[in-house]
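Chemist: A single structure is presented below for examination.
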Amino acid sequence: MRLGLIGYGTIARQLVGLLTVDPTWQITVLVRPQALDAARAHARETGAPAALHFVTSRAALQSENPDLVVECAGQSAVAKHVEPLLSGGTDCLIVSVGALADADLHHRLTLATRCGRSRMILPGGAIGGLDLLAALSGAGDVKVTYRGTKPPAAWKGTPAETRLTLDDLTQPTTIFTGTAREAATLFPKNANVVAALALAGPGFDNVMVTLVADPSAVGNRHSYEVRSPICTFSADIENTASDGNARTSMATVFSLLHEIRSYRAGHPVRDRDIGST
């Protein structure tokens, strides 16, 4: 199978390591020109197979005719690369689902899937229970509240730093309360879970979010409650953070691996579904 990756950060590198134990994968990675040398050096140092190679333009990626492209380069990459790929008929697995908090972008991507007869695949990532949430949403009047707790290091480079000295925290501290749309916009590298809940459930403006920095946290904790007229349930998930990136849970990487393998098993190259999931 020909797989494309956008970006070569922590998630992409871990995916490559998990996938390339199978020599039948052909993987092309799109990186920025200024990141090319570092990406190649990392691939050599980690013993990546010859079937892994790097390109610096979307056109070069598309010329490889990938069966599936996985975006793992942040919200800006969704706007820049995913829309034209979908329009051109390439199925895309979107890691940065928080980008869809932009209603206009979400609409354009949906139109692109129709135009290109392609699929926009949105993974569950570090959270579970989305199938039940989606089912309950069909009955209407669903309410979702979410609480995300991560170590202070996971919130560096976010608006939390303008309000707090993260390294000095001695107890759990709330850094944000608001809607999923606000969280996905203000914390783009930390809020993909709330975006997944919003898209499966009542929408970005109807999921209430609390984000917490906790110096005692050893991983990333996701707690949420769903209430509807026909069912109430809650979930409490504690994930181990990825090596080298406190923001990302290892469960996210394995969720993507599961989606990729499922795609390979059920979607031959010429069997294109229409629409988004």
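The values are calculated or read from the model by the stated rules, or taken from the named source; none is laboratory data. Keep in mind it's a predicted model, so treat the numbers as computed, not measured. For neighbour counting, all protein chains shown are included, and Cβ atoms are generated from backbone atoms with ideal geometry for every residue, glycine included.
Chemist: Going by the conditions given, is Val16 assigned by TED's automatic domain parsing to the domain that holds Leu111, aliphatic (A, V, I, L, M), in a helix (DSSP H, G or I) and closer than 27 Å to Val193 by Cβ?
Modeler: Spelling it out, Val16 is indeed assigned by TED's automatic domain parsing to the domain that holds Leu111, aliphatic (A, V, I, L, M), in a helix (DSSP H, G or I) and closer than 27 Å to Val193 by Cβ.
Chemist: Quick one: which residue in Leu30, Leu133, Leu86 is touching a strand residue (DSSP E or B) at 6+ places or on another chain (Cβ under 7 Å) and modelled with pLDDT under 95?
Modeler: Leu133
Chemist: Now for a separate question. Which one is surrounded by the fewest Cβ atoms within 10 Å (Cβ to Cβ), of the residues in region 38-75 that are assigned to a loop (DSSP other than H, G, I, E, B) and in contact (Cβ under 8 Å) with a residue 40 or more places away in the chain?
Modeler: Looking at residues that are assigned to a loop (DSSP other than H, G, I, E, B) and in contact (Cβ under 8 Å) with a residue 40 or more places away in the chain, I get Asn65.
Chemist: Output yes when any residue across region 232-249 is on the phi > 0 side of the Ramachandran plot, at pLDDT below 90, of a type outside the set (Phe, Trp, Tyr) and not assigned by TED's automatic domain parsing to the domain that holds Gly138, and no when none is.
Modeler: Residues of region 232-249 on the phi > 0 side of the Ramachandran plot: 244.
Narrowing further to those that are at pLDDT below 90: 244.
Add one more test, that the residue is of a type outside the set (Phe, Trp, Tyr), and what stays is 244.
Among the residues that remain, those that are also not assigned by TED's automatic domain parsing to the domain that holds Gly138 are: 244.
Yes.
Chemist: For region 1-37, name all the residues that are in contact (Cβ under 8 Å) with a residue 40 or more places away in the chain, crowded, with 21+ Cβ neighbours inside 10 Å, in contact with a Pro (Cβ under 9 Å, 6 or more places away or on another chain) and not aliphatic (A, V, I, L, M).
Modeler: If the condition is that a residue be in contact (Cβ under 8 Å) with a residue 40 or more places away in the chain, crowded, with 21+ Cβ neighbours inside 10 Å, in contact with a Pro (Cβ under 9 Å, 6 or more places away or on another chain) and not aliphatic (A, V, I, L, M), then Gly4 is the only one that fits.
Chemist: Could you please find all residues in region 76-95 being over 13 Å from Ile121 (Cβ atoms) and touching a residue at least 40 places away in the same chain (Cβ under 8 Å)?
Modeler: Scanning region 76-95 gives Ala77, His81, Gly89.
Chemist: Between Val193, Val207, Val218, which is modelled with pLDDT of 95 or more and of a type outside the set (Phe, Trp, Tyr)?
Modeler: The conditions single out Val207.
Chemist: Follow-up. Among the residues of region 165-210, what is the count of those that are among the charged types (D, E, K, R) and either under 21 Å from Arg227 (Cα atoms) or outside the structural domain of Arg221 (by TED's automatic domain parsing) (or both)?
Modeler: Number satisfying all stated conditions: 2.
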